[in-house]
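Okay, so here's the structure we're looking at.
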Amino acid sequence: MILYCATGNPGKLREFRLVASPGWEVQELPGRRDLPAPRETGFTFEENASIKARYYGSHTPGWLFVDDSGLEVDALGGEPGVNSAYFAGPDASDAENNALLLEKLRNAPDRTARYVCVIALARDGQVIQLFRGEVEGRIELEPRGTGGFGYDPYFFYPPLGCTFGEATMEQKQQVSHRGRALARMFDWLRAQ
């Protein structure tokens, strides 16, 4: 069965396809690039995922899922949170977002953090279910590894003994916030 995904992030789409359950094929929503992105006005990952799911779901002939995800840093009161992709500004690059994060954490003794992902599953423009995944770690002050994207080279995950930038895609998918949320979604879909 086809499960459409509305994301403009090729790294996320690649991860979603790797984790897809047998019998499900994850495809990018046809025409998504021609649609203006909805305004993400929510204050939580759940609210933003739902906004996107309702919007893109109304343009989809079947099941569709979207995610809203980001990094929460305890010393920063949960920032960058829902603004993770735009932490350093609306057109910020990963390097700019990471530079701002490190600047804010320069003198912080506690650099504990978590990645959070909320997936909203929709059909015909209606949100059917939400799935949340989290993974706890800490922020390193120097990048390690070249894999992943976003904050991955700085996010150290103690059980693996490395950053997500050093982890293989398979290692990351088994423990990541996105992998956990996706596993919950596919468990739910199999039970239906």
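The values are calculated or read from the model by the stated rules, or taken from the named source; none is laboratory data. What you see is a predicted model, and the numbers here were worked out from it, not measured in a lab. Here the Cβ is made from the backbone with ideal geometry for all residues, glycine too, and neighbour counts use every protein chain on show.
Taking each residue of segment 4-19 that is over 14 Å from Gln174 (Cα atoms) and assigned to a helix (DSSP H, G or I) and looking for partners that are at pLDDT 80 or above and not β-branched (Val, Ile, Thr) with beta-carbon atoms closer than 6 Å, six or more apart or interchain, yields Gly11/Phe149. Residue selection: Thr7 fails the criterion of being surrounded by fewer than 17 Cβ atoms within 10 Å (Cβ to Cβ) and closer than 20 Å to Gln126 by Cβ.
Being within 27 Å of Ile51 (Cα to Cα), free of Cβ contacts under 8 Å to residues at least 40 places away in the same chain and surrounded by fewer than 15 Cβ atoms within 10 Å (Cβ to Cβ): is that true of Glu103 here?
On the way: within 27 Å of Ile51 (Cα to Cα): no; free of Cβ contacts under 8 Å to residues at least 40 places away in the same chain: yes; surrounded by fewer than 15 Cβ atoms within 10 Å (Cβ to Cβ): yes.
Taking the combined requirement at face value, the residue does not satisfy it.
Per this entry, Gly31 is counted among residues that are surrounded by fewer than 17 Cβ atoms within 10 Å (Cβ to Cβ), at pLDDT below 90 and farther than 26 Å from Gln173 by Cα.
Could you please give the count of residues in segment 46-80 that are assigned to a strand (DSSP E or B) and in contact (Cβ under 8 Å) with a residue 60 or more places away in the chain?
Selection size over segment 46-80: 8.
The selection criterion, being of a type in the set (Phe, Trp, Tyr), in a strand (DSSP E or B) and touching a helix residue (DSSP H, G or I) at 6+ places or on another chain (Cβ under 9 Å), does not hold for Phe43. Within segment 64-93, how many residues turn out to be under 25 Å from Pro109 (Cα atoms), modelled with pLDDT under 95 and of a type in the set (D, E, K, R)? Residues flagged as under 25 Å from Pro109 (Cα atoms), modelled with pLDDT under 95 and of a type in the set (D, E, K, R) within segment 64-93 amount to 0. Of the residues making up segment 160-192, just one is in contact with a helix residue (DSSP H, G or I) (Cβ under 7 Å, 6 or more places away or on another chain), in a loop (DSSP other than H, G, I, E, B) and surrounded by fewer than 20 Cβ atoms within 10 Å (Cβ to Cβ), namely Leu160.
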